[in-house]
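For reference, the structure is listed below as C-alpha cells.
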Amino acid sequence: MEREMYAVIDIGSNTIRLSIFNIVENKIKLILNKKEMTGLASYVDKHKNLTKEGMAKAIDVLLEYRNVLEQIHIEHVFVFATASLRNVHNSIEATAIITRHCGFDIRVLSGKEEAMFDHFGSIQTVKDKHGLLVDIGGGSTELVFYKEKEIVKAISLPVGSLTMYTSHVAEILPKKSEIKKISEVVEQHLSHIQLQELEFDNMTICGVGGTVRAACKLNNTMLGLPKDNLRIEVEDLQAMTSYLQKEKKEMSGIVLKVVPERIHTLFPGITILNTVAKIYDAGSVVVSPYGVREGYLYYQLLKKGKIQGESLDEKLYSK
C-alpha cells in the first residue's frame, strides 16, 4: 500500500528547511530533510523591512524546493515562516511577494504559535515530564515551560543567534565583551517573565532547533562522546565558551570541521542557551530531534483526521 507523503517548509531567519514525512502507525516519520543557509535576518534594513534581496533569496530557495516536490509528486505541502517574516515591518507585503513568485501559501506563525508547535513536536520524543523547552532560531528564541508535559507558559523572545551576531559581534567569533553584551540582552528580556506557577530546581532543558543540535555536535567532538549522544551538560556548554576566549584560533578550526555553516552564529546561540540555563538553574540540555516542523505537521494532520489524537486548537489558543 502506497503511503501519503507530507512536506513541511520552514522559512526561518537563518535557514529555510524542507522536511518530508510519511505516517507510520499513527506517528509521523521523517524521510528527507534539506536545508539552505539563507540568513534572511541579515537582509533587514534600518527601517526593519525585509529587503528585495532578501525576498529574492527566499524565492530562489522556495522555487528549488517546489521543483523537488514536483519531481517526487508530493501534493500535501505546508509552508510557514517564523521570525524571518514575523519580525519585519513589511511582513504582509513581503509574504505576498514571496507567495506570488513561488506559489506557496505561507502562514506566518506568531511567537506563541511557534513556541507551542515546538512543544507539540518535542513531546513525541522527549521523556522528561517537567522542564523548559528552548528553541534558539536565527531571529527569535522560544521558551515553553511545562509540567506533566502540559504547557504552563509559552514565550517568544526577540533574540536569535543571527540577530545577536549581526547586532553585537564585530568579527567571525565573538570576543569576551561581546559575549557578555549578548548575555546581558538576554537577561534583560528574561527579567520580564513571571513564573510563580513553575518552581523546581535543576530543571532539564529540552533543546530544539539547529543551534542546539550544532552545539551538541561540537560538544560530542570536543569531549569524544558518541555521535548519537543527545545530552549536553550545562557546565560543558560554559566550558566551550571559556575555551573560545582562551584559544580562539583552535576553536575556530574545530567549528569549521564540525558545523562550518554556523561558525558565525553558533557562539551567539550558545550564549543565549547558557544565559537561559543560568537564569533557570538548568543542569543539562537534552536535544529533541523533533520541533516546530513536526509539531505543525502534527497539528495539521490532526485537523484533517489523518492521525488520531487530542485536538490541539483549544490548547493552542487558550494559553
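The values are calculated or read from the model by the stated rules, or taken from the named source; none is laboratory data. Since the model is a prediction, treat every value here as computed from it, not as a measurement. Cβ coordinates were reconstructed from backbone atoms using ideal geometry, including for glycine residues, and neighbour counts include every protein chain displayed. SASA here: full protein model, heavy atoms, side chains in, ligands and nucleic acids out. Shrake-Rupley method; radii C 1.70, N 1.55, O 1.52, S 1.80 Å.
Here are the numbers:
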{"quantity": "Extension reserve of the GLN245-VAL152 stretch, reckoned as 0.36 nm per residue once the Cα distance is removed", "calculated": "29.8 nm"}
{"quantity": "Rounded Å value of the spacing that divides the Cα centres of the range 17-54 and the range 262-290", "calculated": "21"}
{"quantity": "Accessible-area composition of the range 186-281, carbon plus sulfur, in percent [1.4 Å probe]", "calculated": "49"}
{"quantity": "Spin-label model distance (nm) - ARG107 vs LYS127, 7 Å beyond Cα toward Cβ", "calculated": "3.2"}
{"quantity": "The range 100-191: relative contact order in percent, alpha carbon pairs under 8 Å with at least 6 residues between", "calculated": "21"}
{"quantity": "Solvent-accessible area per residue, Å², over the chain with all protein chains present [probe radius 1.4 Å]", "calculated": "47"}
{"quantity": "Simple spin-label estimate for LYS180 and ASP45 in nanometres, 7 Å along Cα-Cβ", "calculated": "3.6"}
{"quantity": "Two-decimal ratio, the range 91-232, of alpha-carbon radius of gyration to 2.2 N^0.38 Å", "calculated": "1.19"}
{"quantity": "Per-residue [θ]222 nm for the chain (sum of -39500 (n - 2.57) over DSSP H runs n ≥ 4, rounded to 500)", "calculated": "-14000 deg cm²/dmol"}
{"quantity": "Simple Cβ-charge dipole of the chain, Lys/Arg +1 and Asp/Glu -1, about Cα centre, in debye nearest 20", "calculated": "480"}
{"quantity": "Accessible surface of TYR280 - all protein chains present, 1.4 Å probe, nearest 10 Å²", "calculated": "40"}
{"quantity": "Charge dipole (the chain, unit charges on Cβ, about Cα centre) - positive-most of ASN229, ILE23, ALA154", "calculated": "ASN229"}
{"quantity": "Cα gyration tensor shape of the range 33-160, rounded if a/c is under 1.5, else prolate or oblate by comparing a/b with b/c", "calculated": "oblate"}
{"quantity": "Structure-derived Rg/Rh (Cα atoms, Kirkwood Rh) - corresponding label in (i) 1.00; (ii) 1.04; (iii) 0.95", "calculated": "(iii)"}
{"quantity": "Virtual spin-label span in nm between SER167 and LYS35, 7 Å along Cα→Cβ", "calculated": "2.2"}
{"quantity": "Gained length - ASN26 relative to GLN194, 0.36 nm times residue gap less alpha-carbon distance", "calculated": "56.8 nm"}
{"quantity": "q = 0.22 Å⁻¹, the range 210-319: log10 I(q)/I(0) [Debye, one scatterer per Cα]", "calculated": "-1.14"}
{"quantity": "Protein accessible area in the range 58-179, 1.4 Å probe - carbon and sulfur %", "calculated": "51"}
